[in-house]
Amino acid sequence: MRTLLVSLFTLLCTAVATAQIDLSQPWKFKTGDLPAWADPAFDDRDWGMISPTKDWESQGFANYNGYAWYRFHFNLPSSMRDQSHLKDGLRLLLGKIDDVDMVFLNGKKIGQMGQFPSDPGGYATKWDVPRRYLLPVDDPALRWDAENVLSVRVYDGDGGGGFFGNDPKNLNMVDLSDFLSVDATSEPFVFADKKIRKKIFLENKFNRPIDGQYVVQVFENKKDQPTYEQKLDITLNAKERRSLDLDFPNLQRARVQIRFTEKITAAVLSAELETPYLLTPPESPRPRINNAEVYGARPGHLFLYTIAATGDRPMQYQAAKLPAGLRIDALTGIITGSTSERGIFSVTLSAANSLGTTSKIVNFVIGDNIALTPPMGWNSWNCWGLSVSDAKVRQSADALLKSGLANHGWNYMNIDDGWEALRDTVTGEILTNEKFPNMRGLADYLHSHGLKMGIYSSPGPFTCGGYTATWQHEEQDAMTWAKWGVDYLKYDWCSYGQIAPASPNLKEMQRPYRVMQAALAKTNRDIVYSLCQYGMGNVWEWGDQVGGNLWRTTGDITDTWESLEGIGFQQNISAPYAKSGHWNDPDMLIVGWVGWGDKLHQTRLTPSEQYTHISLWAMLSAPLLIGCDLARLDDFTKNLLSNDEVIAIDQDAAGKAGRLVKQDGDTQIWVKELNDGSRAVAIFNRNMADRNVTVNWAELGLKNYATVRDVWRQQDVGKFKKTLTTAVYGHGVVLLRVY
């Protein structure tokens, strides 16, 4: 069992596996760019060799950005074609390539992913898209029983370049899996009436009918006999897409097995899913205030703060002992204005509905520091990529409000790359492209709903997506963003690699971020400053010195366990540097519908892996930036993001990050000191199999007796002497608060 929702199904045939050309072996490689390198007759004997499973940065070409070529020589036996069941064509799999590539077979162009800088519309990366091409068997570019040459032209804008990862890299004949698909990703699991409902689609892309039997079985956790079974003989007509409905009891962590057996060949298309399981209890209809216990703002700057309260609407709000110059809207709970007073103001926030009244004291700290707790909100990149637009941001904001997530403290709406146009030829002011006709109007819309707006740029001449960036316009851009009403800046190294030396020293790494901080300081806005330079030079050791409120500690995250595990569990080294106003950022959240463009899919993380993801980020005091399409927020994802006790661990006023205190094989225990003297304890199981884990209080530096609360279930577990033993799901977590 690997994924919650499956986008790729495995074809298992009764016949002997089809032969293939293994393209994961070393390729010829050369930096530079010449059209002649696509010619199969070109003499590449003096080229070096390179592995296609690792980027070129890690193979002796550190800090190289620009063009390079790969070449691969192979023999194509006709026996591979003659012995296949379907003789329609060949499938070429090259895996992922960073960032843009053009593929040639024997000199003929057969495909391209992304856009090169010289292409119409400019540079556009497609680094996370697996390269897959189909070729007819009679394509004149193919040379059967002779030598063939694959040539791949690659352009990298920054960071790692070229082929990378262990995705399949081979050339073989097409089979039924290329024409028949079982789509379990288009519709989410829906929880209703103690049941789980799901819609699955079968699609035949072939030009003739396919007959077979469709079988679905649902197994309760650890049981061998199915609790639910559905069988159906099906004829899928040519080019037909058919939906099938599942409706079965809500079994926690049930396994769903799907099989389609083709009638003639007995080929089997199969997959296994894990149903999501809801741990966060339903919200109470009574009012509850969920804001962090501390909030920072600068004197004399425009102030925007929203009381985040759950409970039935309508609701009335009050705020007692506000600093002079601030006022509250009693109907919305939005506090605005400006105050010149410095100090710590203990403000009593109140929320009331027909069922009662609640209050909470929040310290407003008016001084030099902001982002006193990690920012929470949404960023456009992990779902929309460069296709972000004003309409999509408004749609996402509306969905955040409608879903109720804003009532749990999610409030930043951050626009990533893709909003920029050229500069005004007279004034030099940065302009927005046609997707953002009125940036100030968008900010006003968000602010009117108590939300904040973020923007994106780079200290270099171009952004990662090839758009206009801030190089030599730092003060001007900062003033423009302030004029628009920007509350957050993500400042991405990107093309600054073309400005900085090939191996920049610490001072050179810091320089562009110091320049922008000085520019932001001249505005009249509190703009949270996010440094995005992937952890270079151990940025966690100095990010606060250049004015950073948060700084990326890693490269980009993707929605796989390997990426989550490789990034999240390596944060112990940076944990000591997290503090109030200054946070380590292991990148955005990868739950819900993601895709880095218009083709979205449900995250490939299992439910247990998603609980691990949110728990670990909370333990790290990491910024919480949702990356999914909020308009398609399913029941599980909303439940995952609505647990106020988990969020409170992330937003704790002490401002400390959790630390790894014990490791036993694949089991890790992390502990975080909280402001009220209690501890958050996270027990992570990095193994696929479920296991029981015993926690020894003394090993964690805790007293012999401890009162324990299950944070995800929001239930008191009891008082335990010396040890506690608990079951932890595979790739899962148990998150506790210990008093």
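When the Cα gyration tensor is reduced to axis lengths a ≥ b ≥ c, the ratio a/c is 1.5 or higher for the range 559-633, and with a/b above b/c it is classed as prolate. Bridge orientation summary for the chain: considering DSSP beta bridges with both residues in this region, about 85 percent are antiparallel. Extension gain for residue 426-residue 231 works out to 63.3 nm (0.36 nm per residue, less the C-alpha to C-alpha distance). Applying 1/(1 + (r/R0)^6) with r as the Cβ-Cβ distance of residue 329 and residue 359 and R0 = 25 angstrom yields a FRET efficiency of 0.90. Reported value for the range 77-194: 177 Å³ per residue, from the convex hull of its C-alpha atoms. Sorted from longest to shortest, the spans of the Cα atoms of the range 296-339 along the three principal axes equal 35, 15, 13 Å.
The gain in end-to-end length when the residue 721 to residue 197 segment is fully stretched comes to 184.4 nm, 0.36 nm per residue minus the alpha carbon separation. The angle separating the long axis of helix 390-403 from the principal Cα axis of greatest extent in the chain is about 60 degrees.
Between residue 64 and residue 739, the simple spin-label model (points 7 angstrom out along Cα→Cβ) gives 6.1 nm. Overall dimensions of the range 11-103, expressed as equivalent-ellipsoid semi-axes from the Cα gyration tensor (√(5λ), whole Å, largest first), are 30, 16, 12. The local environment of residue 543, defined by Cβ-Cβ distances under 10 Å, has a net charge of -2 under the rule Lys, Arg +1 and Asp, Glu -1.
The mean accessible area for residues of the range 172-302, using a 1.4 Å probe and ignoring ligands and nucleic acids, is 47 Å² per residue. Placing a label point 7 Å from the Cα of residue 222 along the Cα-to-Cβ line, the residues of the range 679-723 whose backbone N sits under 12 Å from it are 690-692. Entry comment: accessible area of the range 360-499 is 32 Å² per residue, from protein heavy atoms only and a probe of 1.4 Å.
Accessible surface of the chain, 1.4 Å probe: 49 percent of it comes from carbon and sulfur atoms. In the range 371-491, the alpha-carbon atoms span a convex hull of 107 Å³ per residue. Rolling a 1.4 Å probe across all protein chains gives residue 357 an accessible area of roughly 100 Å². Computed from backbone phi, the HN-Hα couplings of the range 148-163 come to 10, 10, 8, 10, 10, 8, 10, 10, 10, x, 5, x, x, x, x, 4 Hz, rounded to whole numbers (Karplus: 6.51 cos²θ - 1.76 cosθ + 1.60, θ = phi - 60°; Gly and Pro given as x). Any chance you could give the angle, 0 to 90 degrees and rounded to 10, that helix 439-448 forms with the longest Cα principal axis of the chain? For helix 439-448, the angle is close to 50 degrees. Put the Cα centre of the range 461-513 next to the Cα centre of the range 196-268 and the gap is 51 Å.
Taking 28, 198, 483 and ordering them by how much accessible surface each has at a 1.4 Å probe, largest first, produces 483, 28, 198. Stretching residue 261 away from residue 538 to a fully extended chain increases their span by 94.4 nm, per 0.36 nm per residue minus the current alpha-carbon distance.
Note on the range 282-374: Kirkwood radius taken over Cα pairs, Stokes-Einstein applied at 37 °C and 0.692 mPa s, translational D equal to 244 µm² s⁻¹. Excluding residue 581 itself, calculate the net charge of residues whose Cβ lies under 12 Å from the Cβ of residue 581, where each Lys or Arg counts +1 and each Asp or Glu counts -1. Summing Lys and Arg as +1 and Asp and Glu as -1 gives -1. According to the square roots a ≥ b ≥ c of the eigenvalues of the Cα gyration tensor, what is the shape class of the range 257-311, taking rounded for a/c under 1.5, prolate for a/b larger than b/c otherwise, and oblate for the remainder? Prolate, because a/c is 1.5 or more and a/b exceeds b/c.
Computed with every protein chain present, the accessible area of residue 232 is close to 70 Å² [probe 1.4 Å]. With K and R counted +1 and D and E -1, the other residues having a Cβ less than 13 Å from that of residue 481 yield a net charge of -1. Pair-distance distribution P(r) for the range 477-568, from all Cα-Cα distances in 5 Å bins starting at 0: 3, 13, 22, 20, 17, 13, 8, 3, 0 percent. Helix content alone sets the calculated 222 nm mean residue ellipticity of the chain: runs of n ≥ 4 DSSP H residues at -39500 (n - 2.57) each, divided across all residues, give -3500 deg cm²/dmol. Compared with the dominant principal axis of the Cα atoms in the chain, helix 506-521 is inclined by about 50°. In plain terms, if you count all Cα to Cα distances in the range 173-214 and split them into 10 Å steps from zero, the share in each step is 23, 40, 24, 11, 2 percent. Taking every protein chain into account, the accessible area of the range 569-720 amounts to 34 square angstrom per residue (probe 1.4 Å). What the Cα convex hull of the chain gives, in volume per residue, is 172 Å³.
In this structure the amide hydrogen of residue 625, modeled in the peptide plane, comes within under 5 Å of the amide hydrogens of 377, 589, none closer than 5 places in sequence on its chain. The listed residues 317, 445 rank as 445, 317 when sorted by accessible area, largest first, using a 1.4 Å probe. Surface calculation, 1.4 Å probe, protein heavy atoms: residue 507 sits at approximately 150 Å² accessible. Look at the Cα gyration tensor of the range 122-169: its axes a ≥ b ≥ c give a/c of at least 1.5 with a/b over b/c, and that counts as prolate. Between the amide H of residue 717 and those of 708, 709, 710, distances stay under 5 Å, these residues lying 5 or more places away or on another chain, with hydrogens modeled in the peptide plane.
The values are calculated or read from the model by the stated rules, or taken from the named source; none is laboratory data. In this text the structure is predicted, and so the values were computed from the model without any measurement. Neighbour counts are summed over all protein chains in view; Cβ atoms, including those assigned to glycine, are modelled from backbone coordinates with ideal geometry. Side chains included, ligands, DNA and RNA excluded: accessible areas come from the protein's heavy atoms. Shrake-Rupley method; radii C 1.70, N 1.55, O 1.52, S 1.80 Å.
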